[in-house]
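Read through the structure below, which is laid out as structure tokens, and then see the notes.
Derivation of every value follows stated rules applied to the coordinates shown; laboratory data play no part. Note that the coordinates shown come from a computational prediction; the quantities given were computed from them, not determined experimentally. Methodologically, a virtual Cβ is constructed for each residue, glycine included, from the backbone with ideal geometry; neighbour enumeration extends over all protein chains shown.
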Amino acid sequence: MIEIKLSINAESSSQISEAINFLQSLNASPEVSEPAAKKPAVKKPAAKKLEVKKPVVEPVEAEVVEKSEELGIAELRGLLALKVGAHRGAIKSKLTELGANNITTLAQDQYSAFETFLNELS
């Protein structure tokens with residue numbers, strides 16, 4: 001005698017009919033046994049909810065720092081770096097006109113005029 005073990009889904013009619021066809025092809029009569037009792041689902045204990053306490057934030061008065069309207073050398077150098085590649089000759093002429101050999105020797109009271117000039121360049 002040959003023992004054949006077959007696993008099928010008892011709720012799937014197509015699997016049942018294929019199993020019966022297979023067994024009939026072997027000239028054996030199918031014996032349909034009761035499906036194994038389902039094991040009861042094991043309930044996992046509910047996850048404990050963690051309480052997260054938010055830190056208390058006390059309002060702090062913000063200090064109002066007004067931006068100095070004076071243009072600094074660093075800002076002027078940054079603007080110059082953007083323009084110097086395409087306008088080196090014009091920039092050098094303007095510095096000479098303002099009485100400086102380079103941006104370092106430019107008088108601080110001339111920063112505004114030089115900034116205006118640089119902003120007008122395309």
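Calculate, for THR105 and GLU75, the FRET efficiency according to 1/(1 + (r/R0)^6) with r their C-beta to C-beta distance and R0 22 Å; round to the nearest 0.05. E between THR105 and GLU75, to the nearest 0.05, is 0.80. Residues in region 107-112 carry Karplus couplings, in order, of 5, 4, 6, 9, 4, 4 Hz; the curve used is 6.51 cos²θ - 1.76 cosθ + 1.60 with θ = phi - 60°, and Gly or Pro positions show x. Extension gain for the segment SER7 to ALA90, taken as residue separation times 0.36 nm less the Cα-Cα distance, is 20.9 nm to one decimal. Taking N as the residue count of region 73-120, its C-alpha radius of gyration divided by 2.2 N^0.38 Å amounts to 0.98. Full extension of the segment from GLU58 to GLU97, taken as 0.36 nm per residue of separation minus the current Cα-Cα distance, would add 8.5 nm.
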